[in-house]
Structure formats: C-alpha cells, structure tokens
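First up is the structure itself, then whatever we jot down about it.
The values are calculated or read from the model by the stated rules, or taken from the named source; none is laboratory data. Please read all numbers here as calculations on a predicted model, not as lab measurements. In this analysis, Cβ positions are derived from the backbone assuming ideal geometry, glycine residues included, and neighbour counts consider all displayed protein chains. Side chains are part of the model used for accessible areas, which takes the heavy atoms of the whole protein and leaves out ligands, DNA and RNA. Shrake-Rupley method; radii C 1.70, N 1.55, O 1.52, S 1.80 Å.
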Amino acid sequence: MALPPPGNVAPAEWPPAPIAPLSAGSVPAFPASTFDQGAEFGAPGGLSPQQPEPAWMKYPLSGQRGHIIVFANEKGGVGKSTSAFHTCIALCNAGEKVAALDVDLRQLTLHRALWARQESEREYGVRLPGPEQIMLVQQNEAELEEKLRMARIHHDFIVIDVGGHDSPIARRAIFMADTIVTPVNDSFIDLDMLGRINPRTGEFQTLGNFARLVEHLKEPGLAIRPKPLDWVVMQNRSRNFATKNERKVLDALGQIAPVAGFRIIPGLRERVTYRELFPMGLTLFDLQAIPGLGKLQPAAREEIWAMLRALKLPSDALAKAIARPAEAE
C-alpha cells in the first residue's frame, strides 16, 4: 500500500522517483588539501582551505613548555624591572632561549632597557646576548594568553614585568606564572601589600591585598602548571650594614612568609653602577665586551649570582654558570 503524499506535495508528484545507485566513476573527488586542513569525517564543521586554523590547533599545549617568571608587586619603585632585566640577560648568557614581555603599559621599563641594549650593540660594535621581545597589540588577557602559549613552544623561559598596580592583565600573568618574584624595599610601607604587622608589638595581624590576590590565583593555576607555584619575595636595595629598621622588616617578613606561602631571598643592593648601566641596557657582565665603560666589581657580580642561585630556576646551564667555585668542581 502506497503512503499518502505529505500535505505540501501534489498527488501527481508522489511517490518520488527512485534514486539511481552511484557508480564508481560518479563519486566526486575531494582535493587532498581539504583533509590536510583538518576537515575529517565527524569533525564539527571541518576547515576549508580558506579558513585559518584556530590558535589552539596552531599552538597546542603539548609543545615545549617554557618556564614563566613573573616579576610583580602592586607597590611601584621596588626594582622589579631591574631584577627582571638582570634575570633575562643572565639566562641569555647561559645559552637559554628567553622571551621578555613588559605589561607595565605606562612605563615599559623592561622593554626600554632591552631597546637601549640594541642601541648599545650598534654604538659599540659588539654582539650582546638578549631575549626576544614580545609586544601586546590589543593589551588584553586573551592576547596575553595567546602570546604566552606561542612563547612556551619556542623558548625555555618567559620573563614578564607587570605594572605596580592591580589590573586584569597582571592577574592573568600571575595566574599563568611558574615563578613569581616580588621585590620589596626595607620598608614597612612595602610590607603592607604582603601582610599587616602591629607597629607596637611587631605581631602579625592579617595578609595584605597582594598576598590575598596571589593566594586566590595560586590554586586554580595548578591546572596549567606541572609543579606548585614558587613565590619568592626578594629584599632589594638593602644596605651593606643593616639598620635597626631593616632588621625589623626582615623579622616581619619571617612572620608573613609561612602564612602567605613565599620564600625570602636576597636581592640587589643600592648601587650606583646599576643606575648607570641600566639606561644603556647593560649589565656588569657586559663590561667584559665593552671594557672602556668601567671595571668589573666582584662584590656586585656575586650579589647578582646569589640572587639567581636563590631563585632556583630549572636551568642546568644557568646553575653551572653561576655555581660557586667549589660547586663547579
């Protein structure tokens, strides 16, 4: 018995003519490029040769994973850019592939130092190791994440300098970090961002805003990093002979550290040579290539090495370069 035609089909057009089977020669040929672009059977929509690949296909997380070091403190003027710059150059001198990214959009201090380094190369006719600089065009979290995804494939380390204030892009950088370095000066004003200390009794009261921010971002970030976040607080611009106030600051840091979850390491002292070389994009170790600019200072050199040793970065090449003589044997 024949089925009645659908309501929108005339009786004369029903039933439809049978479909002839396809012969081998009548099967349409698909260009190989269709499948080369990923348009395989069952893929959602596939990709035509004219369609660009999405970023997650171009730069998969399974590629080489670079170690992200973020220099961050919501308090400005603590030596973030100077410390980030010296870390960049030390890793490059050790032969590591390094990328540098400055998200302090108002200052761009790290990038300015690296541009000055290129100018010094041309002026003095020397080759100075340096990182690849990454620039953000749209200045948003999505672009930052995409740039870092690319950089992790091609670089061993990515050094990021963030602004001295809270911002969405700074939070994204901290979220994706493997190591956070927070330089502080020997001042109780600087400690407020890490923790509150009773000025009369010296007792710990509560965590500061920046410490709470890191605590908030630390646990979710475990999904994208293989090891727990290493948060380091670096004592910068201290003097050769500690004052009573500096000793109090160190004691206060010792109380805050176990609660906030950071390590305390020595940083860079207040030295004229850092202020003179930094605007030219140079470090003490570049004086070997440009001896006319000054003499090497063994104490300052060891100070930089001590900072880098304390960071405990996952680089065998750097560890060998900065090892003490007894350790290198």
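The set of residues in segment 170-204 being in a loop (DSSP other than H, G, I, E, B), touching a residue at least 12 places away in the same chain (Cβ under 8 Å) and open to solvent by 10 Å² or more (accessible area, probe 1.4 Å) consists of D178, N185, D186, S187, D192, M193, G202, E203.
The combined condition, being open to solvent by less than 20 Å² (accessible area, probe 1.4 Å), in a loop (DSSP other than H, G, I, E, B) and either in contact with a strand residue (DSSP E or B) (Cβ under 8 Å, 6 or more places away or on another chain) or closer than 25 Å to D316 by Cβ (or both), is not fulfilled by L148. State whether one or more residues within segment 205-225 are modelled with pLDDT of 90 or more, among the small types (G, A, S), farther than 21 Å from L311 by Cα and surrounded by 12 or more Cβ atoms within 10 Å (Cβ to Cβ). Scanning segment 205-225, I find at least one residue that is modelled with pLDDT of 90 or more, among the small types (G, A, S), farther than 21 Å from L311 by Cα and surrounded by 12 or more Cβ atoms within 10 Å (Cβ to Cβ), so the answer is yes.
Step by step: first the residues of segment 152-169, then only those that are in contact with a Phe, Trp or Tyr (Cβ under 9 Å, 6 or more places away or on another chain) and among the hydrophobic types (A, V, I, L, M, F, W, C), then the one that is most open to solvent (accessible area, probe 1.4 Å). Which residue is that? Across segment 152-169, the extreme among qualifying residues is I153.
Among the conditions (1) modelled with pLDDT under 90; (2) over 27 Å from the mean Cα position of the chain (by Cα); (3) open to solvent by 20 Å² or more (accessible area, probe 1.4 Å), the only one that E246 does not satisfy is (3). For segment 93-135, a residue qualifies if it is among the charged types (D, E, K, R), open to solvent by less than 40 Å² (accessible area, probe 1.4 Å) and out of contact with any Leu (no Cβ under 7 Å at 6 or more places or on another chain), and exactly one does: D104.
How about segment 304-324: which of its residues are at pLDDT 90 or above, among the charged types (D, E, K, R) and either under 14 Å from H86 (Cα atoms) or assigned to a loop (DSSP other than H, G, I, E, B) (or both)? Across segment 304-324, the qualifying residues are R309, K312. Going by the structure shown, is A319 open to solvent by less than 30 Å² (accessible area, probe 1.4 Å) and within 24 Å of the chain's Cα centre (by Cα)? So A319 fails the test.
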